[in-house]
Structure formats: structure tokens, C-alpha cells
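Taking it in order: structure first as C-alpha cells, then the write-up.
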Amino acid sequence: MNILVLNGPNLNLLGDRDEDTYGVRTLSDIEEGLRALYPEASFTFLQSNHEGELIDAIHNARMSNTDALIANWGGFTHSSVAIRDALELLKIPKVEVHLSNIHAREEFRERSITGKMMDGIITGFGAYSYYLGVEAVKHLTQRG
């Protein structure tokens, strides 16, 4: 299974950000953990602070052998109509993940614009949200 994992703005700073909200693991720690736990999967990881680069990755996934998408859009979750529109055209299993529980934070973070185009949203389990995301896309792929 070829899984594309996209991460939005400021997620490159994991490990330096508010530990109570985001934990202590870095994005590299999460990537290494996924590769170790799921050696049968092939992961492509991209983190970008630029909306257009994430949209290009979504477009490229439409024309590649990508089987599933796991994404943490960061702040774009709550603001990016452009990412939402790109996701609408991507017809593979898609799961949104968040380290923190977006529903227990500031009011503006409770709404996920991108989530409407995803098969599901996993929120609030720290780095484990990514592992749950893999389990979810595996389930969605096997379910067909």
C-alpha cells in the first residue's frame, strides 16, 4: 500500500511547540515510527508551510500509484477552501488527523473545512492519531 502523508504549516516545529497541546515527538519521530510499525507500507511524507505545495501533492496523487492519503493540514484545516476543493477530486481513501482535540480548543479550530472531503477525522490522540490514520485507510482500502 502506497500512503501519502501530508503535513501543513508549523508541523515541522513539532518537538519545539507547546508540549501540552502537541506532545514532545517531532515529525521525524512520527515518520520513523510509522515506517517501523508498518514495514509493509510505502510512505511518502511531505510537510509544507505553503498551501500551493500541498495542493500540488494532492493533484499528483490523482495521477500516481497512491492508494491512500493521511493528512494533518494544521491551520489550513480551518481556512483552506483551495485544499478542500483539491481533495474533492481525489478518489482514494482520505483520513484527516490532528494531534490535539480540535473540538476542545479555540472556537475557530472546531470547524474543519477540509474534513468534509475526507472519509474521516481522527483528533486528539497525539502522535498516535497518525497510527490510527493508517489503520483507518487500511480498513477503507480493504473494504473497497
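Read-outs throughout are calculated quantities, based only on the coordinates presented, and are distinct from any laboratory measurement. The structure presented is a predicted model; accordingly, all values stated were derived computationally and were not measured. Every residue, glycine as well, gets a Cβ built from its backbone with ideal geometry; the counts of neighbours run over all protein chains shown.
For semi-axes √(5λ) of the Cα gyration tensor in Å, the choices are (i) 21, 18, 14; (ii) 24, 18, 16; (iii) 36, 19, 14; which was calculated from the structure?
The value computed from this structure is option (i).
Give me the distance in nm between label points sitting 7 Å out from Cα along the Cα-to-Cβ direction at M1 and D119, one decimal.
Calculated label separation equals 0.8 nm.
With 10 angstrom as the radius, rank D67, D85 by how many other C-beta atoms surround their C-beta, starting from the fewest.
By the 10 Å Cβ count, ascending, the order reads D85, D67.
Quick check on segment 32-114: take the gyration tensor over C-alpha atoms, sort the square-rooted eigenvalues as a ≥ b ≥ c, and tell me if it's rounded (a/c under 1.5), prolate or oblate.
Oblate shape, in that a/c is at least 1.5 and b/c is the bigger or equal ratio.
Quick query: amide H of N101 versus all other amide H atoms, modeled in the peptide plane; which residues come in under 5 Å with a sequence gap of 5 or more or a different chain?
G124
Order the peptides 26-36, 74-84 from the highest to the lowest mean number of other Cβ atoms within 10 Å of their residues.
74-84, 26-36
Can you pull the one-decimal nm distance between simple spin-label points at E135 and S42, each 7 Å off the Cα toward Cβ?
Those two pseudo-labels are separated by 2.6 nm.
Skipping prolines and chain starts, which residues have an amide H placed within reach, meaning under 5 Å, of the one on T44, given they are 5 or more residues away or on another chain?
Here I3, L4, V5 satisfy the definition.
With charges only on Cβ, +1 for K and R and -1 for D and E, what is the dipole size of the chain about its Cα centre, in debye, rounded to 20?
That gives the chain a dipole magnitude of about 460 debye.
Calculated FRET efficiency, T26 and R143, Cβ-Cβ r, R0 25 Å, to nearest 0.05?
Efficiency at R0 = 25 Å is approximately 0.15.
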